[in-house]
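The values are calculated or read from the model by the stated rules, or taken from the named source; none is laboratory data. Because the structure is a prediction, the values reported are computed rather than measured. Glycine also receives a Cβ, built like all others from the backbone with ideal geometry; neighbour counts cover every protein chain displayed.
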Amino acid sequence: MDLLDSGQKFSPRQDSDWDTTLQFLPAADTKHLEKKSGRRKKLWIGLGLVLSAAAVSLLTGLLVWHFHLRSDVRVKRVYIGSMGIGDQRFLPAYEDPSSPQFSSMATLVSRQLKLIYSKNSVLTKYFKGSSVQAFSEGEGGSDSLVAYYQSEFDIPVPQQGALDEAIESLEPSSQQGRQGRVLLKPVDALSVNNVISRVIDPRMTRTSLQVGESFNVHVSKAGVVQSPGFPDSSYPSNVYLMWRFRADPGHRVRLDFHTLILEDDCQQDFIKIYDSLAPIEHRALTEQCGYPHGSLSFLSSGNVMLLTLVTDEEKNFPGFRANYSQIPLTEQKCGGTLSGDKGSVSSPFFPSNYPPRTSCVWNIEVPVEKFVKVQFSKFLLGNQSNQCPEDYVKVDDKRLCGRKLKNTVITSQSNTMTIKFNSDSSYVDQGFTAEYEAFVPTNPCPGRFQCTNNLCINTTLQCDGWNDCGDGSDENNCECNEAQMKCKNGRCKPKFWECDGSDDCGDGTDEENCEKCKPGEFSCRNGLCISETLKCNGKDDCADGSDESKCERSLVLQQCSEFTFRCRDGRCISKLNPECDGEPDCEDGSDEDNCQCGSRPYRSSRIVGGQMSREGEWPWQVSLHIRGTGHVCGASVLNNRWLLTAAHCVQDNGPNKYSQADQWEAMLGLHVQSQTNEWTVRRNIKQIIAHQDYNSMTYNNDIALMELDKNVTLNQNIWPICLPSPTYDFPEGQVAWITGWGATREGGSVAMILQKAEVRIVNATVCKNLMNDEVTDMMLCAGVLKGGVDACQGDSGGPLSVTGPSGRVLLAGLVSWGDGCARRNRPGIYTRVTKYRSWIKEKSGV
Ligand code: 4AZ
């Protein structure tokens, strides 16, 4: 059954045994009673509060004493660790925990652990037992076998810190060095080189969890892993699952996630990946939950990797599907000597996440009379911190880390530069790419402007009102020309940006003295000025509802206006954008009708300057294909039968009969062009209804409906977007998203993976000014006026999506036209959907 078409509405259950004779006190009486006994009641309340406070303090004290001070209360503490062993070889039988070889080696390791713990009074006193979970080949050096184990201690609560210290004291410290430190060597003992252990992630020992199941995966032949039930059903509740990946010796494991959709809260459901076969915190590469956005491609440092999935009782999501493979360790050697005048360097495997425990050094050498400068075009290296002790890039003596250094320029003071990259044993990131260049010290930016931060920019970008340097130095000390205004802070900005509702100066001067009304007055949307005191007074003083449009309570108005919402009963209310905001405002509740649209199944969360979207993120996005040609235009799902697109997509063009329905094929639930999957639905088109007044010269009324030949079943990847009412207001500056498979740069080729980009609604007057008055009231402008982000060829007909106050997504516009793509001061022009609400209803019934 199709959800939106079932015609079912919620109706309260009629309980037959409900006692209709029962009477409740009327509200007025309650008040009356309260008033009479007010004083005595207050006294009792006061006394009650004091007594409750005393009881709470007593209970808290008891609990603190019970758990922290009473030394006989014990807790279980589990440590996960690895042991490097020098005098044993890895045998294939060790992969099978039921083999006799596994058992006998596990016994040796457990005995060894007991021996190690026996040398420490805290450890030996509270030790309960160890179990070995897996073995792998040694990690090079003197280890030839690694055992992964779990040790359990039963410890009085106040002693937990001492236990952690004792466990950590077993590790070789950096001064002692890793190599050759034999911890213990009785006659039958193993030659132990090192032990690392850490307390287990407490979410992995939740009592509700079913005991972890584990899968052994050999990655020498590439393959796919997925969470149980994927993609047909959600993952199960309360599971702790492990996938142990092993590559051939001398190889690394590579894991690329194709889909990853979990609950948003990492405390409940998460995946965690380790550079190890046991979940040792020291070796955690990443933790992910929700609908993650960064790179989801991971590499191990050695030939093993562990993937864990932990879920709780509630809210189960689709889970994941990931491809695994192996790569020789010798592949992608990073670093080296570079001697060209310019070139680029990037972290290993960029744009995948770099592997842990990796170090690379690049020595750049340019002709003696020149210096070197390097500019980072991508920089994603873990957390920002002072000394950058974890993962870092070091340029000569300067250590860099964090995720904020994009476009940073560093220059050398000689003809050589050394760039070092270093990743530690845990938590990886996407890394960096950088371009280096030789320059003459006396002329660092030949023919270009040098910013204070050493960036070079085109001289035409100086004093153009935009901060191109990033530090504003290209906009300092400018002489404003006659088309510009001077801000108080000295910046020059185009005059038509004055009073456009956005602070372009940065100090608000371009938005001062813009009100048409006097101080203390409210400007109605119809241009009237009324006293500020009349705002939200429950009366329609502007006579267009606007003084009552952003108040706590919505008014039912005597008369409707172009700014008011019309309820189904024909009456209008004053609240701005009341539809589907989660609050019934119309007396007949019609502002909250048909609000299943515009929701993403999983909250997270072509285009020029955009980024890849995730599967299911834009379930209303459609790809319109011409048979034999492939993708041509975008469209949006309105319901299980109707799509909305641009009229210019369905115009005949010479021999191409785009106006004929049988030429088209609609792809719904598509993510990657030419990669249909179980969620993709292909439909023929029954009819096309282009707007009767579409003007191919001006692009006015650029809107068309398409009816599918067969209904589709709505699901997590195919879902309608909400249509805004005719009076819905999309204010300038509001964030909107564009999506599509169109060209990724002007004149470029189309995208394979659905792209998304964030833009903002542009002031209509500013837009008309910028676009030579070619923008009509039936159009909406959106973009990033600085340039670099826009819709482009192939995105046409696709949605301009805006998220409303309750999280529902509304269709503000249809990609229509523009002056090129992503050019500065050339926003994208969209069909203004609010203008066509009744046309859509008339033609399709939606
Ligand atoms: C096009 O050719 C097109 N920059 C669509 C959108 C824009 C430009 C061109 C907006 O379909």
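So the values come out like this:
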quantity	calculated
Criterion violated by Leu780 - all others in (1) within 23 Å of Tyr694 (Cα to Cα); (2) within 10 Å of the ligand (Cβ to nearest atom) satisfied	(2)
Of all residues in the stretch 436-457 being of a type in the set (S, T, N, Q) and closer than 16 Å to Val366 by Cβ, the one that is farthest from the chain's Cα centre (by Cα)	Thr442
Some residue of the stretch 816-830 being of a type in the set (Gly, Ala, Ser), in the same structural domain as Asn701 (by TED's automatic domain parsing) and in a strand (DSSP E or B)	yes
Residue among Phe257, Phe230 that is outside the structural domain of Tyr79 (by TED's automatic domain parsing) and at pLDDT below 90	Phe230
Residue under evaluation Tyr694, criteria (1) of a type in the set (Ser, Thr, Tyr); (2) crowded, with 16+ Cβ neighbours inside 10 Å; (3) at pLDDT 95 or above; (4) within 24 Å of Val750 (Cα to Cα), criterion not met	(4)
Answer from Arg683, Arg600 - the residue that is at pLDDT below 90 and not small (Gly, Ala, Ser)	Arg600
Sole exception among (1) within 30 Å of Ser347 (Cβ to Cβ); (2) in a loop (DSSP other than H, G, I, E, B) for Phe439, by number	(2)
Subset tally (residues that are assigned to a strand (DSSP E or B), closer than 15 Å to Gly81 by Cα and out of contact with any Lys or Arg (no Cβ under 7 Å at 6 or more places or on another chain)) for the stretch 263-310	1
Any hit, the stretch 245-253, residues being touching a Leu at 6+ places or on another chain (Cβ under 7 Å) and closer than 28 Å to Leu754 by Cβ	no
Set Tyr291, Tyr274: member being farther than 23 Å from Arg614 by Cβ and within 24 Å of the chain's Cα centre (by Cα)	Tyr274
Strands (runs of 3 or more DSSP E) completely within the stretch 697-774 that count 3 or more residues being within 16 Å of the ligand (Cβ to nearest atom) and within 30 Å of Gly545 (Cβ to Cβ)	755-761
Residue match in the stretch 305-314 (condition: over 22 Å from the mean Cα position of the chain (by Cα) and crowded, with 20+ Cβ neighbours inside 10 Å)	yes
Whichever residue in the stretch 796-846 is within 11 Å of the ligand (Cβ to nearest atom) and surrounded by fewer than 20 Cβ atoms within 10 Å (Cβ to Cβ) and, among such residues, is farthest from the chain's Cα centre (by Cα)	Asp819
Members of the stretch 233-254 that are farther than 17 Å from Ser300 by Cβ and either of a type in the set (Asp, Glu) or modelled with pLDDT of 90 or more (or both)	Tyr235, Pro236, Ser237, Asn238, Val239, Tyr240, Leu241
Evaluation of Gln387 against (1) closer than 27 Å to Leu296 by Cβ; (2) modelled with pLDDT under 95 (one fails), failing number	(1)
Gly508 surrounded by 14 or more Cβ atoms within 10 Å (Cβ to Cβ) and outside the structural domain of Lys768 (by TED's automatic domain parsing)	no
One residue from Glu579, Glu615 being buried (at least 21 other Cβ atoms within 10 Å of the Cβ) and either under 14 Å from Trp719 (Cβ atoms) or in the same structural domain as Lys786 (by TED's automatic domain parsing) (or both)	Glu615
Long-range neighbours under 7 Å by Cβ, at least six apart or interchain, first residue of a type in the set (Lys, Arg) within the stretch 773-788, second away from the ligand (no atom under 11 Å from the Cβ)	Lys786/Trp466; Lys786/Arg824
Residue in the stretch 785-804 that is modelled with pLDDT under 95 and more than 25 Å from Arg745 (Cβ to Cβ) present	yes
Residue match in the stretch 135-153 (condition: in the same structural domain as Gly84 (by TED's automatic domain parsing) and part of a helix (DSSP H, G or I))	no
Strands (runs of 3 or more DSSP E) (entirely within the stretch 328-427) containing at least 3 residues that are under 26 Å from Gly250 (Cα atoms) and in contact with an Asp or Glu (Cβ under 9 Å, 6 or more places away or on another chain)	416-423
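Listed here are the residues, each with its yes/no results for (1) farther than 17 Å from Arg837 by Cβ; (2) modelled with pLDDT under 90; (3) in a loop (DSSP other than H, G, I, E, B).
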residue	(1), (2), (3)
Asp541	yes, no, yes
Asp544	yes, no, yes
Lys550	yes, no, yes
Arg553	yes, yes, yes
Gln558	yes, yes, yes
Arg568	no, no, yes
Pro578	no, no, yes
Asp585	yes, no, yes
Cys595	no, yes, yes
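This table checks each residue for (1) in contact with a helix residue (DSSP H, G or I) (Cβ under 7 Å, 6 or more places away or on another chain); (2) farther than 30 Å from Leu381 by Cα.
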position	(1), (2)
Ser412	no, no
Phe432	no, no
Tyr436	no, no
Asn443	no, yes
Asn476	no, yes
Pro494	no, yes
Asp503	yes, yes
